[in-house]
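First comes the structure, then the notes that go with it.
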Amino acid sequence: QVQLVESGGGLVQAGGSLRLSCVASGRTFRRYRMGWFRQAPGKEREFVAASSGSTCYANSVEGRFTISRDNAKNTVYLQMNSLKPEDTAVYYCAASTDGTNLYNYWGQGTQVTVSS
């Protein structure tokens, strides 16, 4: 079992920044593919960013968000800059631990609210 605990959400004005953190349990964190997803009210959950040997981003956040990880701390981060009201959502951390691109563990989510 892998537990994921997110933190760092909050309320920020448009144009501001936040950094989300996700701490994972497990002794092989460096092998996990880690991702960030988000779900806005009334919408489906959507992909935001992922990190394994490389990183990838949704078009909507490319150039504004940066995913990074510290394998020594079992932590993945999402630095969010130039935030927009449409970035408002619950953000979830996810882990793929079986070598596939399917995320089999999820955190509880952290709320990000961007005011205009």
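Each residue in the stretch 49-89 was checked for being part of a strand (DSSP E or B), touching a strand residue (DSSP E or B) at 6+ places or on another chain (Cβ under 6 Å) and within 20 Å of residue 29 (Cα to Cα), and 14 of them qualify.
For the stretch 18-44, filtered to residues that are part of a loop (DSSP other than H, G, I, E, B) and out of contact with any strand residue (DSSP E or B) (no Cβ under 6 Å at 6 or more places or on another chain), the residue that is most open to solvent (accessible area, probe 1.4 Å) is 27.
Only residues that are farther than 12 Å from residue 95 by Cβ and of a type in the set (Phe, Trp, Tyr) were counted in the stretch 1-39, giving 0.
Applying a threshold of 8 Å to beta carbon distances and a minimum spacing of six or more residues, or different chains, the list of pairs starting in the stretch 65-76 at a residue that is within 11 Å of residue 22 (Cβ to Cβ) and modelled with pLDDT of 95 or more and ending at one that is open to solvent by 50 Å² or more (accessible area, probe 1.4 Å) and not polar (S, T, N, Q) reads 73/23; 74/23; 75/23; 75/69; 76/69. Taken over the stretch 75-88, the criterion of being within 14 Å of the chain's Cα centre (by Cα), over 16 Å from residue 57 (Cα atoms) and open to solvent by 30 Å² or more (accessible area, probe 1.4 Å) is satisfied by 88 alone.
Among the residues of the stretch 90-111, just one is of a type in the set (A, V, I, L, M, F, W, C) and assigned to a loop (DSSP other than H, G, I, E, B), namely 102.
The values are calculated or read from the model by the stated rules, or taken from the named source; none is laboratory data. On a predicted model such as this, the values are computed, not experimentally measured, just so you know. Using ideal geometry, Cβ is built from the backbone for each residue, glycine included, and neighbour counts are taken over all protein chains shown. Please note that ligands, DNA and RNA were not included when accessible areas were found on the heavy atoms of the full protein model with its side chains. Shrake-Rupley method; radii C 1.70, N 1.55, O 1.52, S 1.80 Å.
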